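Nothing in this text is a laboratory measurement; each read-out follows from the coordinates by a stated rule. Given the structure is predicted, the values throughout are model-derived calculations rather than measurements. Methodologically, a virtual Cβ is constructed for each residue, glycine included, from the backbone with ideal geometry; neighbour enumeration extends over all protein chains shown.
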Amino acid sequence: MNHATSKKLFDRARKVIPGGVNSPVRAFRSVHLDPPFIIRGRGSRIYDVDGNEYIDYVGSWGPMILGHAHPAVVYAVRERVARGASFGAPTVLEIEMAEELCTALPSLEMVRMVNSGTEATMSAIRLARGYTNRKKIIKFAGCYHGHVDALLIEAGSGATTLGVPDSAGVPPEFTSNTLSAVYNDLASVDELISACGQEIAAVIVEPVAGNMGTIPPRPGFLAGLRERCSQAGIVLIFDEVMTGFRVAYGGAQLLYEIKPDLTCLGKIIGGGLPVGAFGGRREIMEHLAPLGPVYQAGTLSGNPLAMAAGLETLRTLKKENPYPQLEINAAYLADNINTLLDEHDIPHCCTRVGSMLCTFFTETAVQNYETAKTSDCERFARFFSSMLKRGIYLAPSQFEAGFISAAHSREDLDLTLNAVKESLSEI
Ligand code: KE4
């Protein structure tokens, strides 16, 4: 594959953008490559400036569940932008989005739109503290909730990929109220609650962890969190930025039948445009300004273009219900990758929930951050590189999830499996 133009653009980008990227994981550092510069996408494919075509399993890190440039979404945005991009005033679209989210997610009585998943979790944390008048927050090592100061403790995703799970520039005072528990380990939560129970405002959790690779919740884990939070008056926050409308139309809370007190959303609900949202029980949400004492705001929150793209995406998902086929396709891909790894005697742990999946290069059963970190990241890098040169665009980090879209065909999956077969003999 020729990447000459991408390399020139990357050199140019690095002169004016830190690391040449606007989000660290895009820099491909942990896979020791320069990133291709993408010029367009359609369906399951993306295309770079050198004319290379890839089957895309990143999907903009989750939003593109319908595939790239879905005609209905493109039309919705084009039609909306012609009427003006933003007004900083209430619009009908925001009501329609709020109603759609509250209908889809069992626990949502009210919702507030923001512009990113980070804003959603930052706001939900502040709201939980304002509602309970408590300070401490429990998060789980390896989970990533955006780059919120207080949550950059043992953070996953790019923070782990780059080896900075605890970021510089965050004063200890900002994280002194953040407690770190072990994912899938209720005993680690019990220890923290028995030590600080009455001081804990919230537990925030990815109901399916997608930022230390993909790690499903063990049976009883989420129910155990629900029970403990209810008993201790702690706000249970499901960070469904990734899982919302991904693992089911009603998110992980529908799939696992757990009702959190607050939910954070993003990615899919914007259809590829900048968006986030947080919502939950009315009595909590009514603590938000302008009704209550917890301040939160945003110039472009509920932006008409993002609402148009997001609403069209959700309406298409509801109308076409791709989830059964996504399950079949993802299982087909994951099961065959597992078989190929077995045949090549390569230590591995394949994980999946719905159409989010991951291959860890470790013989350890991956159930939390520590076991995820036993994966051979250099072998992952070799695998990534082999797949990329065969036209398969995976997430450029062992500590990320891969995604299948409704646009991925069986042919795409078989081409991918052929590339896996060839790559595994190289790594
Ligand atoms: P954003 O601020 O990036 O929109 O969302 C932060 C966030 C919050 N919660 C969860 C569960 C998330 O997965 C994310 C962001 N996900 C990463 C990918 N693992 C975004 C990719 C990136 O950082 O470039």
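Brief remarks follow.
- With the simple model of a label 7 Å out from the Cα in the direction of the Cβ, Ala297 to Met1 spans 4.5 nm.
- With the charge dipole of the stretch 71-319 set up from +1 on Lys and Arg Cβ and -1 on Asp and Glu Cβ about the Cα centre, the Cα lying farthest toward the positive end among the listed residues Ser194, Gln231, Phe87 is that of Phe87.
- Selected from Ala330, Ala72, Ala381 as most flexible by GNM, with the chain as the system and alpha-carbon contacts under 10 Å: Ala72
- Above-threshold pairs, the threshold being 24 Å between Cα atoms, out of Lys318/Lys389; Lys139/Lys267; Lys15/Lys373; Lys8/Lys389; Lys267/Lys318; Lys7/Lys421: Lys318/Lys389; Lys15/Lys373; Lys7/Lys421
- Charge context of Leu33, other residues only, Cβ under 12 angstrom, K/R +1, D/E -1: +4
- A simple spin-label model places the labels of Val21 and Asp335 3.4 nm from each other, with each point 7 Å out along Cα-to-Cβ.
- Protection proxy ranking for 23-30, 217-224, using the average of other Cβ atoms within 10 Å per residue and placing the highest first: 23-30, 217-224.
- Taking a straight Cα-Cα cut-off under 13 Å and skipping sequence neighbours fewer than 8 places away in the same chain, the aspartates and glutamates within cross-link reach of Lys135 are Glu173, Glu199.
- Pair Asn321, Ile346: separation of 7 Å Cα→Cβ label points (nm): 3.7 nm
- Axial C-alpha extent at least 24 Å, average Kyte-Doolittle at least -1.0 - helices from the chain (DSSP): 323-343
- Highest GNM mean-square fluctuation among Ala159, Ala297, Ala202, for the chain modelled with Cα contacts below 10 Å: Ala297.
- Residue-averaged [θ]222 nm for the chain, counting only DSSP H segments that reach four residues, each worth -39500 (n - 2.57): -11500 deg cm²/dmol
- Longest DSSP-loop-exposure-free segment, GluC sites (Glu not before Pro), the chain, at most 16 other Cβ within 10 Å: 110-256
- Positive-end residue, the chain charge dipole about Cα centroid, Cβ charges, pick of Ala141, Ala372, Pro396: Pro396
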